[in-house]
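First comes the structure, then the notes that go with it.
Derivation of every value follows stated rules applied to the coordinates shown; laboratory data play no part. Worth saying up front: this structure is predicted, and the values here are computed from it rather than measured. Neighbour counts are summed over all protein chains in view; Cβ atoms, including those assigned to glycine, are modelled from backbone coordinates with ideal geometry.
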Amino acid sequence: MNSFSDRRPAAAGLLKILSLLIIILGTPLGIALPGWWGWENGPVENIQAAILIFGLIHAVRFYRRSDDRSKWLWLAGIPLWFVLVAREFSFGATFLPPTAMSAHGPAYSVGQLPYKPFITPAVLVLIAFSVAIIVIKRLAELGLELAREGTAPWVSLGLVAVGMLLSSIAEGHMGIKLPFDGNTSQNIEEIIEFGAYLALWAAQFEIFHALSSRRPV
């Protein structure tokens, strides 16, 4: 087994531990860090973008290293990673000057993008492409096989779900108002979302390792 293969489970384990710690410590970290850390184009969002880009790169790499059946899984996942990356950059708006500035940081609007009318159709096409692959190639069956074998990344996926739920709560989307000012709540939201992205990356490592282990030697 090559060194890359040996590193996969270790990388996934490290990412899961970091994810769990960040989700648990999201609130105290959000309180302790300066308010501007969670701003648009701020440190936390830039780290999130880096994690998503690495996830996309690894999906492409896993696609190139996979067998004929599992290649389709990665081909379905690549567009979804791309959409997450594009969303993190507000589809390119964050590379332009902000449209407004407030006590909660700069604001960027996709409305200033010349290709704004094409963003939603492009996202829908990419998602439809992924769904079509999953359906046509019966990738749900592949997922069920991993579940029966006990190699499905339930812990990582659970961390993703918990992280996104807590992030939504911090953002005020669940009808719950945290007793913090806007900048602190924004910090908490972005930090916990960062933890969820780490868990998503961990799940990808685990799935690739599980599928690789099933190949005949």
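Average 1/r across all pairs of distinct alpha carbons in region 161-211, invert it, and you get the Kirkwood radius: 11.8 Å.
Using the alpha carbons alone, the radius of gyration of region 63-167 stands to its Kirkwood radius in an Rg to Rh ratio of 1.09.
Packing, taken as the mean count of other beta carbons within 10 Å per residue, orders the peptides 102-114, 20-32 from highest to lowest as 20-32, 102-114.
Gyration tensor analysis over the Cα atoms of region 45-123 returns equivalent ellipsoid semi-axes of 31, 15, 7 Å (largest first, whole Å).
Between 0 and 90 degrees, the angle of helix 116-136 with respect to the longest Cα principal axis of the chain falls at about 30 degrees.
By the compact-protein rule of thumb, 2.2 N^0.38 Å, the alpha-carbon radius of gyration of region 122-179 corresponds to a ratio of 1.59. Packing, as the average of other Cβ atoms within 10 Å across residues, places the peptides 40-48, 162-170 in the order 162-170, 40-48, highest first.
Evaluated over the Cα positions of the chain, the convex hull gives a direction-averaged projected area, one quarter of its surface, of 13.5 nm². The helix-only estimate of mean residue ellipticity at 222 nm for the chain, built from DSSP H runs of length n ≥ 4 each weighted as -39500 (n - 2.57), is -25000 deg cm²/dmol after division by the residue total.
Among the trypsin sites (Lys or Arg not before Pro) found in region 72-159, those both in a DSSP coil and sparsely packed, with 15 or fewer other Cβ atoms within 10 Å of their Cβ, are 138.
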